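Engineer: I'd like to ask you about the structure that follows.
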Amino acid sequence: MPIGLGARRRRAVSLEQGAGSETPRCPACGEPLFVWIETYGYGTREDQVIDRCENCGLVLVRGLIPTPDSAAERLLADGAGHEGGIAFRAANAASLQAWLGAENWAALRPGGHGLEPTPRAASLLLARRDLRIRRIRHLLGPGMASMWQTLLNLLTFHRDFASEAASGRLRPGTGRSTAAFWTDAAVTVLAAIPTALIAVLLESGAVVARRGGVIEVQAEPLPATD
């Protein structure tokens, strides 16, 4: 089975919104955005264009984050108070699994945050809320789960097949084809244990190298200035 699902493809061209229009800028660092991945799949859940900043590495769904302030709000949306500051989790766009998976990276599932930072991009966005990074933890358990799903995505026709089928969003008659559905079911069963073992090895090494797939960012207020 070929690696890479369906008609997903990457383009290394600057994102233009029309003739004479201004090139969109990264909400974190202000540099131009580039189209990184285009995904076309079954139904609307797979149709996305993913942009990436070549400067700070921020990854986001095209058109979802209209302003830098809204990007900062999205990043902090699930945050919780932590030692006088705030802590939140995010998929790491500078991770091994993001590089390995690209369009098959599990963090890009439709309906997610729509914005995945690198540590540098997170620092720039947090500064818009008068915050600075105190600590970044690379979370092994969640990272292994995401790496495992990313590896399975390299083998199946449908991204995130197991979770999509279990939730009922994906059925034999709603996917690419009935044959593709049952092929993915067989591949998932047969490859689940081998890919889980590989995920443990890869993600453990990635965490040691500070390239884990899921990070916890702990931030604190910037010091007051006179």
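Engineer: I'd like to check something: does the range 151-162 contain any residue that is small (Gly, Ala, Ser), part of a helix (DSSP H, G or I) and touching a helix residue (DSSP H, G or I) at 6+ places or on another chain (Cβ under 9 Å)?
Structural biologist: Looking for residues that are small (Gly, Ala, Ser), part of a helix (DSSP H, G or I) and touching a helix residue (DSSP H, G or I) at 6+ places or on another chain (Cβ under 9 Å), one finds at least one in the range 151-162, hence yes.
Engineer: Hey, another quick one. Criterion first (over 30 Å from PRO119 (Cβ atoms), assigned to a helix (DSSP H, G or I) and in contact (Cβ under 8 Å) with a residue 40 or more places away in the chain) does VAL187 satisfy it?
Structural biologist: In short, yes.
Engineer: Pairs needed: first member in the range 30-55, farther than 17 Å from GLY114 by Cβ and modelled with pLDDT under 80; second member anywhere, among the hydroxyl-bearing types (Ser, Thr, Tyr) and surrounded by fewer than 20 Cβ atoms within 10 Å (Cβ to Cβ); C-beta distance under 8 Å; at least 6 residues apart or different chains.
Structural biologist: Final answer for the pair search is TYR42/THR174; GLY43/THR174.
Engineer: Quick one: would you say PHE181 is more than 13 Å from the chain's Cα centre (by Cα) and without any contact (Cβ under 8 Å) to a residue 40 or more places away in the chain?
Structural biologist: yes
Engineer: Sticking with this one: Those residues that are of a type in the set (Phe, Trp, Tyr) and in contact (Cβ under 8 Å) with a residue 40 or more places away in the chain, I need them from the range 150-174; list them, please. Give the steps one after another, and end with the answer.
Structural biologist: From the range 150-174, those of a type in the set (Phe, Trp, Tyr) are 157, 161; that's our starting set.
Result: PHE157, single match.
Engineer: Here is a further query. What tally of residues in the range 122-164 results from selecting those that are out of contact with any strand residue (DSSP E or B) (no Cβ under 7 Å at 6 or more places or on another chain), closer than 25 Å to ALA224 by Cβ and surrounded by 21 or more Cβ atoms within 10 Å (Cβ to Cβ)?
Structural biologist: Residues of the range 122-164 out of contact with any strand residue (DSSP E or B) (no Cβ under 7 Å at 6 or more places or on another chain): 124-125, 127-129, 140-141, 144-145, 147-164.
Still in the list and also closer than 25 Å to ALA224 by Cβ: 124-125, 127-129.
Imposing the further condition that a residue be surrounded by 21 or more Cβ atoms within 10 Å (Cβ to Cβ) reduces the set to 124-125.
Of the residues in that region, 2 qualify.
Engineer: Next up: Is it the case that SER177 is loosely packed, with under 12 Cβ neighbours inside 10 Å and of a type in the set (Ser, Thr, Tyr)?
Structural biologist: So SER177 does not fit the description; no.
Engineer: Restricting to the range 165-174, count the residues that are surrounded by 13 or more Cβ atoms within 10 Å (Cβ to Cβ) and assigned to a loop (DSSP other than H, G, I, E, B).
Structural biologist: Total satisfying the criteria: 4.
Engineer: Right, here's the next one. Would you check if there is a residue in the range 201-217 being of a type outside the set (Lys, Arg), more than 19 Å from the chain's Cα centre (by Cα) and more than 30 Å from ALA28 (Cα to Cα)?
Structural biologist: yes
Engineer: Let me ask something else about it. Would you check if GLY205 is assigned to a loop (DSSP other than H, G, I, E, B) and either surrounded by 17 or more Cβ atoms within 10 Å (Cβ to Cβ) or not aromatic (Phe, Trp, Tyr) (or both)? Before the answer, list the steps.
Structural biologist: On the way: assigned to a loop (DSSP other than H, G, I, E, B): no; either surrounded by 17 or more Cβ atoms within 10 Å (Cβ to Cβ) or not aromatic (Phe, Trp, Tyr) (or both): yes.
So GLY205 fails the test.
Engineer: OK, next. Do we find that SER177 is under 19 Å from GLU103 (Cα atoms) and either modelled with pLDDT under 95 or aliphatic (A, V, I, L, M) (or both) in this structure?
Structural biologist: It is false that SER177 is under 19 Å from GLU103 (Cα atoms) and either modelled with pLDDT under 95 or aliphatic (A, V, I, L, M) (or both).
Engineer: Within the range 106-134, track down each residue that is charged (D, E, K, R) and either over 30 Å from ALA165 (Cα atoms) or more than 8 Å from the chain's Cα centre (by Cα) (or both). Spell out how you get there, then give the answer.
Structural biologist: Taking the range 106-134 and keeping what is charged (D, E, K, R), we get 109, 116, 120, 128-130, 132, 134.
Within the range 106-134, ARG120, ARG128, ARG129, ASP130, ARG132, ARG134 meet the criteria.
Engineer: Evaluate the following for THR118: is it of a type in the set (S, T, N, Q) and farther than 30 Å from ARG25 by Cβ? Step through it out loud before you land on a result.
Structural biologist: Values: of a type in the set (S, T, N, Q): yes; farther than 30 Å from ARG25 by Cβ: no.
Judged against the criteria, THR118 is not a match.
Engineer: Search the range 137-149 for residues that are more than 26 Å from VAL187 (Cβ to Cβ) and pair each with any residue that is surrounded by fewer than 17 Cβ atoms within 10 Å (Cβ to Cβ) when their beta-carbon atoms are under 6 Å apart and the residues are at least 6 apart or on different chains.
Structural biologist: Qualifying pairs under 6 Å: ARG137/GLU216; LEU139/GLU216.
The values are calculated or read from the model by the stated rules, or taken from the named source; none is laboratory data. Just so it is clear, the structure is predicted and the values come from calculations on it, not from any experiment. Quick reminder, even Gly has a Cβ in these numbers, built from the backbone with ideal geometry, and neighbours come from all protein chains shown.
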